[in-house]
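Read the figures in this text as sums done on the coordinates, not as results from a lab. Small disclaimer: the values here were computed from a predicted structure and weren't measured. As a convention, Cβ positions derive from the backbone with ideal geometry for all residues, glycine included, and neighbour counts pool all protein chains shown.
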Amino acid sequence: MDRPAELSEDEIVDLSALPWIVWVELQRDVVSFEYRDGIEDALSDAYPEFAARWKDVQSIGPNVTFERAFFTLSPGELAELVERQSSAEGRRGESTVAPVALGELFAHHLLRVPSEEQAIEVAKALQGLEHIFARVQVQAPLPPQPAGSQHYLDGVDLVNDTAGINVRSVWTSAGGKGENVMIGVIEQCWALAHRDLPAAIAPRRYPQVQPANDLNMQRAIVHAMADAGILAAVHNNVDFDGIVAGAAIRLTSSIRTKNGVKLYDVADAIASLAQQLPAGAVLLVEEQAETLVQGRLQLAPAEQIAAVHTAIRAATNINIAVIEPAGNGGIDIDGVLSAVDSGAIMIGACADDGQHPSRLAGVLPSNFGARVDCYALGEFVETLALNNGTRRDYGGTSAAAAIIAGAAASVLSIAAANGRTVTPEELRNWFRDDSQGVASANPGVDRIGVMPDVGRLVANL
């Protein structure tokens, strides 16, 4: 069997053909099997009640099989990722993020299913076996991506009635443009050739997607270009300025390949990218989850999928600051997410109503709740577009998360330049602190946290 790997640059992906996923998390006392694909035979031998249900699954989809959710890294490499948690510098005993045990990673499996109807039926067949499965979830192949001013670089401007993260003021500081930080970014696919981006950022389209005019593909690569522009646009008086133009950017696709089969697996992307990033890095997860909740599809944070939550915890515990969009579903996420802290910095989005920002509603409504830590501008965001172009209409929690990822990288880079190590928990607490940022217009109603003020935060380092 071929070793799972990242998609090669010349591989072809048809986004319309990606499968639905049924995510399965085994109970911890069940995780005694080797972490491998095809554990249904072992489960059938150990649990006769599962064997009867598995016959129902096979009648729905005869080719359905259990597969490792984390498959790019070998079991040994996953063990190394877990081991890095115990040696991470600066981890404090009062951390709210529980360490990830190897058995937790090994508990996560997935089943690829061709259609929504079959995915629902497979999930139903596996439900009711709580002594075997801690969780069974259904996820759509790809969530929709959002379809601009650079006021988001500035602070509160009473004259122009704008509010941003006040990062422009620190660019002259040592490390102020992100020179001491690496940013990992998870996107679906991209084509980042642009006159205002560094040539080394991603010289080729990745992965190759067919057909060329596919609407999903166009949205995905436009989305990636917008995020790259917010973070990395060169300061050269051409087009726009990236928040941290000096940072090293590493991209990884959430579309994975396994033995020639393509699937959407954000959890695997996070784990494999985290293992490559150094402590002190930022990991921007530009994904949301479109999952079935009480019989209908909802847009929620990516960590609603249990395997993604586990992967984020592992990344946080090796001192990688994970930035996660709250999602564009307009829902209260407090009742949707696990009560266990993933450690991610959760980002909401505000409307472009200046010094009195309110939660973004309308076409791309921001999710909200006590779990949302902070927010940034989520509409009319100016950034780069394809074909050496620019745009002024980027939005949603994706745009806001890219802005906050830039803020995080700037703060961490300046801290590093001053010999200071900042843990993900410290950074999140700073970004939550309303004394070091801008409150929304009606915090009790908006429930999207605080817009960080980078200049104020850096002054207090």
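Observations, loosely collected:
- Rounded to the nearest 20 debye, dipole of the chain from Cβ charges on Lys, Arg, Asp, Glu: 420
- Net charge of neighbours whose Cβ lies under 14 Å from the Cβ of Ala247, counting Lys and Arg as +1 and Asp and Glu as -1: -1
- Amide H contacts under 5 Å for Trp20: Val113, Ser115, restricted to partners 5 or more places along the chain or on a different chain, H placed in the peptide plane at 1.01 Å from N.
- Estimated FRET transfer efficiency (Gln58, Asn387; beta-carbon r; R0 41 Å; 0.05): 0.25
- A value for mean projected area of the Cα convex hull in nm² was derived from the coordinates, and within the list (i) 28.5; (ii) 20.7; (iii) 24.7 it appears as (ii).
- Taking every lysine pair in the chain that is 8 or more places apart or spans two chains, those with Cα atoms closer than 29 Å amount to 5.
- Amide N of the stretch 442-461 lying under 18 Å from the label point, which is placed 7 angstrom from the Cα of Arg420 along Cα→Cβ: 452-461
- Applying the Karplus relation 6.51 cos²θ - 1.76 cosθ + 1.60 with θ = phi - 60° to the stretch 424-429 yields 3J(HN,Hα) values of x, 5, 4, 4, 5, 5 Hz, where x marks Gly and Pro.
- Dipole of the chain computed with +1 at Lys/Arg Cβ and -1 at Asp/Glu Cβ about the Cα centre; of Ala349, Gly103, Ala321, farthest Cα towards the positive end is Ala321.
- Centre-to-centre separation between the Cα atoms of the stretch 18-70 and those of the stretch 271-311: 22 Å.
- Cβ crowding within 10 Å averaged over residues, with 106-115, 373-382, 36-45 ranked highest first: 373-382, 106-115, 36-45
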